[in-house]
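Only one structure is covered here, and it is reproduced in the block below.
Where a number appears in this text, it was derived from the coordinates with a stated rule and is not lab data. Keep in mind the model is a prediction, meaning the values are calculated, not measured. Please note: Cβ atoms are built from the backbone with ideal geometry, for glycine as well, and neighbour counts cover all protein chains shown.
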């Protein structure tokens, strides 16, 4: 039984340099685009020139971000269950910085699974995947 879709988004580029308020607006907008209900948001900046960590708590799970501007890197995590559309949330996040290099990977979450027999339960794409994501490479002009 698939109970949710977990997306891992890795970004190199401008995402890593968004400020606390920009990241909060982005993640709340992504949650809304995915049809999720925002319960609370909390973001913590680590100081000038340092990264930010943040979470948007959803009735349907969560969206998180961790940035490392010194490495030009940001990591996003989207986990949604129910009738939400996590891929639409991911598209909004990746499209926010079109010059960034991004990668989106999906994991189906749920039961049954058997730790001892991975061959019997191979990984599959999220059941919600009406859009295909992959690595988007910045094009030189």
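Contour minus end-to-end for residue 21 and residue 64, with contour as 0.36 nm per residue of separation and end-to-end as the Cα-Cα distance? Working shown, then result.
Numbers: separation 43, 0.36 × 43 = 15.48 nm, distance 1.40 nm.
Stretched fully, the residue 21-residue 64 segment lengthens by 14.1 nm.
Rounded to the nearest 5, the antiparallel percentage of DSSP beta bridges internal to segment 2-120 is 100%. In this structure, residue 32 and residue 99 have a Cβ-Cβ separation that, at R0 = 22 Å, corresponds to a calculated FRET efficiency of about 0.35. Among 50, 85, rank each residue by its count of other Cβ atoms within 10 Å, from fewest to most, as a rough exposure measure. Least crowded to most crowded, the residues run 50, 85.
Between residue 83 and residue 46, the C-beta separation translates, for a Förster distance of 30 Å, into a calculated FRET efficiency of about 0.25. When the P(r) of segment 2-120 is calculated, the portion above 24 Å amounts to 27% of the C-alpha pairs.
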